[in-house]
Structure formats: structure tokens, C-alpha cells
Amino acid sequence: MNVKSLPFGIIGIVLGLGGAIGYSLRPDLLWAVTLVELSALSCLIGFFILHFDAVKAFSGRRTTKLGVNSLLMVLLFTAILGIVNFLAARHSVRWDWSENQNYTLAPQTHRVLRSLLRDVKITVFTREKDPGYQAYKQRLESYRQASTKLAVEFIDPEKQPKIAQTYGIFRSDTAVFESNGQTIRVTSPSEVELTGALLRISKDAKKRIVFAEGHSERSLEDKERNGLSIAKEALLRQGYEVATVSLLQEAAVPSDTTVLVLAGPRRPVTKDEQDRIQAYVEKGGHLLVLVDPDTQTGLESLLAHWGLGLGPGVLVDLQDRLAAGDLTALLVRTFTEHEITQDLTSAVLFPLSRHITFDEQVGKDWDYVPLARTSANSWAETNMQGRVVSLSEQEDVKGPLPLAAALAPKKAPEEEAARPAIVVIGNSTFATNAYLNFPGNSDFFLHTTGWLADERNLIAIAPKEPALRPFTPNPMQERALLYVQVIALPLMTLVTGVMMWRRRRRL
């Protein structure tokens, strides 16, 4: 056997394939793979040198020339496809054929994406069968193509429960934004929510939400049903700082307060405290008041300064209420168009609430918007004794009635001056640990604090109609569905069948 008879070509091909397979299995052994590939290259070069005359004679044949031309055409076409794919991956063009241009980003979003200075990781916890999966996927793909700073990952919380547990995910269709040690969560794939999260996480300074204490308010540290520990965690996850203040001990509301919250006071707020709150609002502060029925808060005079009032009694709704629940467990789904409510898709559960009033003469300088209302089949019950509830035209107040309202000055503030804002909600229970995990409750609470935190640079982003419009029936609608689906449709089928049977018998 001489050197020329050795199968260098076969050895080279085998070594080349073996090196590629070895690198795919053990990429850490790069030195060994490199040695194998160099050996393969040496064998192939040796084969070409030893068989040069045969290769030259083979290349001179007509069939070889035609085969080489075909091979060159295939290689050229492959190269063109590779170049087109390379350019398309970096300069892709997408067309939005959806009915309402759901996946066309607003100019404000493009500005936010262009101004990102650091990388942002977005982890979406959702399942393919969840309603928000496609919306998240389509919209975040538009975000990712508009900015190289974004990294998006989708995780199924059922298939990877450990990761979901690490992030503290208790609700599907949740996106977690992470950047520079900060974490912000959103529960809606809308552009307003996603762009707002990018804005908050791209800023180093955190806004401060301060809860007043000293009047038996609900506690941020209380982990029981009536506490606000879950609300505190939700605010922290949104990128806010959360603190408490006693206005009995402080001479004024702290200057770094973004939003001052009175969360269900059950003892009167003193005149000095009210003066400090009023001074804070007049300087451009933002106030959130949660007041329950049958509580003596003493806030009537403070709210009256802006034309607001706390209505008597407890709201009762025969239509918009929790099915098979108490008449006072309101399931509110009627919202006025406002920045707070423009993206709400779920009903909000308000157990035991009171209504809000407004005097247009006193508050003529303020823009009053009733955020949420009861239905027309509701009233404010002033006598709950014996729990036999019925409308009294003389004593009760006929609905529909607002149980949440927002105030903002009609006159625009001077340049660089803060714009005051007030939101009053006739219920504090909806934000407690027992109810905040209800989808509509958490969205309404976080939207309200977000609006008060002066994150209004996204107002111009028009809300898009969701692809999925969930239907939550009230008791009247449930009975109608029962009569139609369980009684009427089967009865019609039976009658039609009998008629057809009788007709066939006559034939």
C-alpha cells in the first residue's frame, strides 16, 4: 500500500463531520474540535494534491462542467437568500392589518424606545391558551424590533412553576420588566401599560407613595384580610417607594411625597391635619382618599373646599352586583372615559360602599369626572336595620350614583409648576388583601395611583380595543341565559323534532 492509495478524502470528510458533531455536544472543548478540523483540512488538501491529475481530467469533462455550473447556480442562489435573510432580520418591515391598528406603536412609544439607555428584560408569564398571549406576543415583537435594548422571554407558569414561584407570580398574563435592579409588573398587554412600565423602569429616581396613619387606617404591614400588605407589594413592584407619615407629628406633608393616601380612616382627622393636607394639594400635591360608609372621618369640611361630598347610607345595586352575593357587594362595570379607566377591561368589586357628591358652584375651577357608577337599578340605602332592603323614595337616594371621582384643575398650571389632583373613592375594602387579587380591583388601584403619580405623558396614546372582550354576567343576565340555554333552546329542539316526526308519519 502506498501513500496515494490511502483514503484521505474519506478520512477528511469523517473528521470534518466528527468535529462539527463534537462541537455541538461539547462546545467547551474548542481546542480538541479545532485540532480535529485542522486534521480534516490537512487530509482533504493531501487528497487533492495526490490526485491532482485525476481531478484535472474529471474537471475537463462536459458533464462535470455542467454539474459545476449547476452547483455554482445553487451556491449563488443560496448566497442571495442568505444576504436577503440577513438584511431582513436587521431591517424588517411589518404591516399591521388588524381592524384598529392594534400593533402599530404610537409616536410616544417610539420616543420612549429610542431614549432607552440601558437594557430591559421582559419576562411574560402566560400560556398559549390565555387571552393575553397573542396580544403580548404581537405587541412586544413590535417593541423589540423598534429597540435593541429589549430582551423578551415567554414562560408558561404551569410548565415552569419554579420560575413563576421565584418571581412571585399568582396571576397569568403578567409581564415583569427588569432593569438595573428594578422590577415593574404589568397585567395588561395594552400599549399604555407596557410603555408606562418602560418609562418608570428607565428612570433612576423613584416616586414616593405615602400613607397617612394615626386614625385607625388600614395598615400596610397587616397581612390579614383587612390589611394592605398586598397593595404595598404591588406598588413596590411597580417601581414606587412606599412609606407612612403621621401628620400629627409632622408640621407638613413631606416634600418628597408624590401621592398622599388616606386609606380608610376610622377616627376623625383633626383640623390641623386637614390644613396640612389642603396646603399640600394647593402646592400641586396629589391626594387619594378612600372612605368607607358609616365612618366618622371628619373629612367633610376638607373635601367641601373642593366641592366634594360624602353621600349618606350604603350603596345597594340589584343589577351590578356579585352573583349570589350580598346586595351591597357591587360588581361595578360602568366607567366614565378617563385616563384612569380607559384601559380597564374587568369589573371592579366594591364591597360596602358609599357614593360621592359634587357641588359645581363650589368646585367651578375643578374638572370633575365620576370614574365609576352604579347601575340605574341602584340606590343609597340609609336604613340597613334588619337587612330587609328596599328603596324608600323619601329616605334613600336613587341611582345611578358615582362611588369614585377624580378632580383636576381646569386651568393649566404655570410653567414648571406641579398640577394638583384628587381622587376620592367611597370604599377602602376593595384594596385590602381579601379583594385586591380580584383582577379589576388591582388594575383600578394601580391605575389610580399611576395617574396621581403624574404619569400623564402617555395620555395621548389612544386606547385600542382588546381582541378578547370578556363577558361577566350580572344576576339578571345570568337568569336570562339560564332561561334561553337550559329551557328555551331544548324546548324548541323538542318541538321541532315532534313536528318533523308527525310530518314523516303522514307521508
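The values are calculated or read from the model by the stated rules, or taken from the named source; none is laboratory data. Predicted model, so just to flag it, every value in this text is computed and none were measured. Cβ atoms come from the backbone with ideal geometry, glycine included; neighbour counts cover every protein chain shown.
Kindly establish whether Glu224 is acidic (Asp, Glu) and surrounded by 14 or more Cβ atoms within 10 Å (Cβ to Cβ). Spell out how you get there, then give the answer.
Working: acidic (Asp, Glu): yes; surrounded by 14 or more Cβ atoms within 10 Å (Cβ to Cβ): no.
No; evaluated as a whole, the condition is false for this residue.
Out of Gly399, Gly426, report the one residue that is closer than 16 Å to Ala372 by Cα, in contact with an Asp or Glu (Cβ under 9 Å, 6 or more places away or on another chain) and modelled with pLDDT under 90.
Selected residue: Gly399, the only one of Gly399, Gly426 that is closer than 16 Å to Ala372 by Cα, in contact with an Asp or Glu (Cβ under 9 Å, 6 or more places away or on another chain) and modelled with pLDDT under 90.
Among the numbered conditions (1) farther than 17 Å from Ala421 by Cα; (2) under 34 Å from the mean Cα position of the chain (by Cα); (3) not small (Gly, Ala, Ser), tell me where Pro370 comes up short.
The number of the failed condition is (1).
Would you confirm, using the coordinates I've provided, whether Glu158 is more than 15 Å from the chain's Cα centre (by Cα) and closer than 21 Å to Arg237 by Cβ? Show your work before the answer.
Numbers: more than 15 Å from the chain's Cα centre (by Cα): yes; closer than 21 Å to Arg237 by Cβ: no.
Taking the combined requirement at face value, the residue does not satisfy it.
Could you say whether any residue in segment 197-206 is at pLDDT below 95, in contact with a Phe, Trp or Tyr (Cβ under 7 Å, 6 or more places away or on another chain) and surrounded by fewer than 20 Cβ atoms within 10 Å (Cβ to Cβ)?
yes
Taking only segment 110-138 into account, find how many residues are part of a loop (DSSP other than H, G, I, E, B) and of a type outside the set (A, V, I, L, M). Steps first, please.
First pass over segment 110-138, keeping only residues part of a loop (DSSP other than H, G, I, E, B): 115-119, 126-132.
Next cut, of a type outside the set (A, V, I, L, M) only: 115, 118-119, 126-132.
Of the residues in that region, 10 qualify.
Considering only residues that are among the hydrophobic types (A, V, I, L, M, F, W, C) and at pLDDT 90 or above, look in segment 124-139 and name the one that is surrounded by the most Cβ atoms within 10 Å (Cβ to Cβ). Break it down into steps so the answer makes sense when it comes.
Keep residues of segment 124-139 that are among the hydrophobic types (A, V, I, L, M, F, W, C), which gives 124-125, 135.
Those still in the list that are at pLDDT 90 or above too: 124-125.
Numbers: Val124: 21, Phe125: 25.
Among residues in segment 124-139 that are among the hydrophobic types (A, V, I, L, M, F, W, C) and at pLDDT 90 or above, the one surrounded by the most Cβ atoms within 10 Å (Cβ to Cβ) is Phe125.
When you scan segment 256-275, how many residues do you find that are touching a helix residue (DSSP H, G or I) at 6+ places or on another chain (Cβ under 9 Å) and more than 14 Å from Glu217 (Cβ to Cβ)?
Matching residues across segment 256-275 total 6.
Given the criterion surrounded by 10 or more Cβ atoms within 10 Å (Cβ to Cβ), out of contact with any helix residue (DSSP H, G or I) (no Cβ under 6 Å at 6 or more places or on another chain) and at pLDDT 70 or above, identify the matching residue among Leu66, Leu30, Leu87.
Numbers: Leu66 fails: at pLDDT 70 or above; Leu87 fails: at pLDDT 70 or above.
Answer to the check: Leu30.
Do you know which residues across segment 139-164 are assigned to a loop (DSSP other than H, G, I, E, B) and of a type in the set (Phe, Trp, Tyr)?
Step one: list which residues in segment 139-164 are assigned to a loop (DSSP other than H, G, I, E, B), which gives 147-149, 156-160.
Passing the criteria: none in range.
In segment 277-324, how many residues are surrounded by 19 or more Cβ atoms within 10 Å (Cβ to Cβ), assigned to a helix (DSSP H, G or I) and not β-branched (Val, Ile, Thr)?
Going through segment 277-324 one residue at a time, the tally reaches 3.
Out of segment 284-321, which residues are within 32 Å of the chain's Cα centre (by Cα) and not aliphatic (A, V, I, L, M)?
Hits for segment 284-321 are Gly284, Gly285, His286, Asp292, Pro293, Asp317, Gln319, Asp320, Arg321.
From the list Leu308, Leu299, Leu290, which residue is at pLDDT 90 or above and closer than 17 Å to Arg373 by Cβ? Give the steps one after another, and end with the answer.
Numbers: Leu299 fails: closer than 17 Å to Arg373 by Cβ; Leu290 fails: closer than 17 Å to Arg373 by Cβ.
Criteria check complete, one pass: Leu308.
Would you please list the contacts, defined by Cβ atoms under 7 Å and residues six or more apart or on different chains, that run from a residue in segment 21-49 that is over 16 Å from Phe8 (Cα atoms) to a residue that is of a type in the set (Val, Ile, Thr)?
Partner pairs satisfying both residue conditions: Gly22/Val33; Gly22/Val36; Tyr23/Val33.
Provide a single number: the residues in segment 127-167 that are among the aromatic types (Phe, Trp, Tyr) and more than 28 Å from His110 (Cβ to Cβ). Before the answer, list the steps.
In the first step, residues of segment 127-167 are kept if they are among the aromatic types (Phe, Trp, Tyr); the result is 133, 136, 143, 154, 167.
Subset that is more than 28 Å from His110 (Cβ to Cβ): 167.
The number of residues fulfilling the criteria is 1.
Only one of Ile230, Ile209 is farther than 22 Å from Val112 by Cβ, of a type outside the set (Asp, Glu) and in contact with a Phe, Trp or Tyr (Cβ under 7 Å, 6 or more places away or on another chain). Can you tell me which? Lay out the reasoning, then the answer.
Working: Ile230 fails: in contact with a Phe, Trp or Tyr (Cβ under 7 Å, 6 or more places away or on another chain).
Of the residues listed, the single one that is farther than 22 Å from Val112 by Cβ, of a type outside the set (Asp, Glu) and in contact with a Phe, Trp or Tyr (Cβ under 7 Å, 6 or more places away or on another chain) is Ile209.
With Ala418, Ala434 as the choices, which residue is over 24 Å from Leu308 (Cβ atoms), surrounded by fewer than 20 Cβ atoms within 10 Å (Cβ to Cβ) and aliphatic (A, V, I, L, M)?
Working: Ala418 fails: over 24 Å from Leu308 (Cβ atoms).
The conditions single out Ala434.
Of the residues Gly285, Gly309, Gly298, which single one is of a type in the set (Gly, Ala, Ser) and within 24 Å of Thr432 (Cβ to Cβ)?
Working: Gly285 fails: within 24 Å of Thr432 (Cβ to Cβ); Gly309 fails: within 24 Å of Thr432 (Cβ to Cβ).
Checking each option against the conditions leaves just Gly298.
Can you tell which of Leu262, Leu344 is surrounded by 19 or more Cβ atoms within 10 Å (Cβ to Cβ), in a strand (DSSP E or B) and in contact (Cβ under 8 Å) with a residue 40 or more places away in the chain?
Values: Leu344 fails: in a strand (DSSP E or B).
From the options Leu262, Leu344, the qualifying one is Leu262.
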